[in-house]
Structures are given as structure tokens and as C-alpha cells.
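The values are calculated or read from the model by the stated rules, or taken from the named source; none is laboratory data. Because the structure is a prediction, the values reported are computed rather than measured. Positions of Cβ are generated from backbone atoms using ideal geometry, with glycine treated the same way; all protein chains shown enter the neighbour counts.
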Amino acid sequence: MTCELCEASRLTEWFYEDDICWIAECEACCVPMVVWRVHDAAPDQEAKAHMHARLAAVVGEFFEYEHYVDDNMRQIPEHYHAHARSRAGWFGQPVPRKAR
């Protein structure tokens, strides 16, 4: 069975990538999502801190909302990923973006 997060298909807008993670808009809930490049559900604290910092930077650069990190991996529990959810709601709808 293949893991769709390991495939890293560019189905939505990508905001960032490095050797540790990539960040794209989640196709299911329309918020930025960070994905660990390792197929494992439990990154060490250093990797997790790196990913959460990059996710916060993406929210700060591209969006206009206060976020919290939701790393409850509901649909793909075997591969670490986390969403930058809005504290104000908007679940499943696009979050406010900065004008470009």
C-alpha cells in the first residue's frame, strides 16, 4: 500500500520544502499542512520543532489568521503531518490570505 504523503503529489499549492519537511495546502481542509519527509508517525522533538516553526513562518508570510498546530493525524495516522488551523474557525473553507 502506498502512502499519499510519501508520494508528495503537488495537488495543491506548495509553500515551502526542505530536507525535513514540505508544506502545502491540505486538499481536505484548505489550511497549510506540514508533512515530515520520513514515513513515521513520531518525529523526535528537534524535527517536530523545525516543522512547527516552518509552518508558523508560512502562516505568517502567506495568511492573515492566528493559528494553532493540530497534529491529530486522523486520516493518515502512520505518517506525521500537522495542520495550521485557525483559532477563529473556518474548518474546511479557505483561510484569509494576505494580498500579494
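Of note:
- Positions within segment 31-48 being surrounded by fewer than 17 Cβ atoms within 10 Å (Cβ to Cβ) and more than 15 Å from Glu17 (Cα to Cα), in sequence order: His39, Asp40, Ala41, Ala42, Asp44, Gln45, Glu46
- For segment 2-55, residues that are hydrophobic (A, V, I, L, M, F, W, C), in a loop (DSSP other than H, G, I, E, B) and on the phi < 0 side of the Ramachandran plot total 10.
- Residues that are over 14 Å from the mean Cα position of the chain (by Cα) and more than 20 Å from Trp14 (Cβ to Cβ) within segment 57-76 comprise just one, Glu66.
- Considering the conditions (1) modelled with pLDDT of 95 or more; (2) β-branched (Val, Ile, Thr); (3) more than 14 Å from the chain's Cα centre (by Cα), Thr2 is excluded by exactly one of them, (1).
- All told, Cys30 meets the bar of being at pLDDT below 95 and under 11 Å from the mean Cα position of the chain (by Cα).
- Output for segment 83-100, where each listed residue is at pLDDT 80 or above, in contact with a strand residue (DSSP E or B) (Cβ under 9 Å, 6 or more places away or on another chain) and either over 11 Å from Phe63 (Cβ atoms) or in a strand (DSSP E or B) (or both): His83, Ala84, Arg85, Ser86, Arg87, Arg97
- Just so you know, in segment 6-25 the residues that are under 13 Å from the mean Cα position of the chain (by Cα) and surrounded by fewer than 20 Cβ atoms within 10 Å (Cβ to Cβ) include one that is farthest from Ala56 (Cα to Cα), and it is Ala8.
- In segment 52-85, the qualifying residues are those that are aliphatic (A, V, I, L, M) and out of contact with any helix residue (DSSP H, G or I) (no Cβ under 9 Å at 6 or more places or on another chain), and the one that is surrounded by the most Cβ atoms within 10 Å (Cβ to Cβ) is Leu55.
- Comparison of Ala82, Ala47, Ala42 shows that the only residue that is under 29 Å from Arg100 (Cα atoms) and either small (Gly, Ala, Ser) or without any contact (Cβ under 8 Å) to a residue 24 or more places away in the chain (or both) is Ala82.
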